[in-house]
Amino acid sequence: MSNGIIRPMLMDDLEAIMEIEIASFSTPWSLQAFKAELKDNEYARYVCLELDDKVIGYMGLWFILDEGHITNVAIAPTYRGKHWGEFLMRSVMEKMMQEGMERMTLEVRESNSPAQSLYSRLGFATAGIRKGYYADTGEDALIMWADLGMEVNKI
């Protein structure tokens with residue numbers, strides 16, 4: 001995994017990001033939504049996971065006070081199951097701790113067991129449910145939180 005690079009997302013990355021987004025989600029974000037996040041949201045930070053000069057994943061976060069809220073995270077389908085998602089998550093969590101973040105949260109589909117397993121391994125615990133959170137299916141989302149201070153020993 002040492003040849004994977006985490007770097008800030010650029011406008012030039014959006015074509016690759018949209019390919020991953022569309023392949024990953026039944027209700028993908030629009031190109032305009034990503035552009036607005038990158039240009040206009042002072043709380044947003046977006047990163048790319050690059051391998052051999054190719055964007056294979058990304059993560060978006062909102063940094064609010066001492067908490068990070070993951071807005072989206074995805075790995076290109078051909079790179080899934082190879083621990084790149086874990087590499088991306090751990091790298092971002094480590095960076096967040098260095099920047100003084102204490103906790104982070106995310107929502108995940110109730111049916112997405114692989115993601116829930118990864119998040120649990122990274123120290124996330126379910127703290128609640130958002131009923132009907134996903135507009136495409138009405139599926140509930142699990143709200144998961146991680147205390148980054150506790151995670152430091154695992155990274």
Within region 127-150, tally of residues that are among the β-branched types (Val, Ile, Thr) and either crowded, with 17+ Cβ neighbours inside 10 Å or within 16 Å of Gly68 (Cα to Cα) (or both):
1
Can you find, within region 93-105, the residue that is surrounded by the most Cβ atoms within 10 Å (Cβ to Cβ) among those that are more than 12 Å from the chain's Cα centre (by Cα) and aliphatic (A, V, I, L, M)?
Met96
Only one of these conditions is not met by Ile22: (1) touching a residue at least 40 places away in the same chain (Cβ under 8 Å); (2) under 19 Å from Trp84 (Cβ atoms); (3) among the β-branched types (Val, Ile, Thr). Which number is it?
(1)
Say whether the condition of being more than 17 Å from the chain's Cα centre (by Cα) and not small (Gly, Ala, Ser) is met by at least one residue in region 106-121.
no
Looking at the structure I just gave you, is Leu14 over 23 Å from Tyr133 (Cβ atoms), out of contact with any Pro (no Cβ under 9 Å at 6 or more places or on another chain) and in contact (Cβ under 8 Å) with a residue 40 or more places away in the chain?
no
Inside region 88-129, can you point out the residues that are out of contact with any helix residue (DSSP H, G or I) (no Cβ under 8 Å at 6 or more places or on another chain), within 18 Å of Ser26 (Cα to Cα) and charged (D, E, K, R)?
Glu107, Glu110
Please go through region 3-14 and pick out each residue that is part of a helix (DSSP H, G or I), hydrophobic (A, V, I, L, M, F, W, C) and under 14 Å from Met59 (Cα atoms).
Leu14
Looking for whichever is at pLDDT 90 or above and out of contact with any Asp or Glu (no Cβ under 9 Å at 6 or more places or on another chain) here; the options are Ile143, Ile75, Ile70, Ile129. Which one fits?
Ile75
Can you name every residue in region 15-34 that is surrounded by fewer than 17 Cβ atoms within 10 Å (Cβ to Cβ), in a helix (DSSP H, G or I) and among the hydrophobic types (A, V, I, L, M, F, W, C)?
Met18, Ile22, Ala23, Leu31, Ala33
Tell me whether region 85-92 contains one or more residues that are in contact with a strand residue (DSSP E or B) (Cβ under 8 Å, 6 or more places away or on another chain) and surrounded by fewer than 16 Cβ atoms within 10 Å (Cβ to Cβ).
no
Considering only residues that are closer than 21 Å to Met18 by Cα and of a type in the set (Gly, Ala, Ser), look in region 57-84 and name the one that is surrounded by the most Cβ atoms within 10 Å (Cβ to Cβ).
Gly57
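The values are calculated or read from the model by the stated rules, or taken from the named source; none is laboratory data. From a predicted model like this one, the values you see are computed outputs, not experimental measurements. Backbone-built Cβ (ideal geometry, glycine too); neighbour counts: all protein chains shown.
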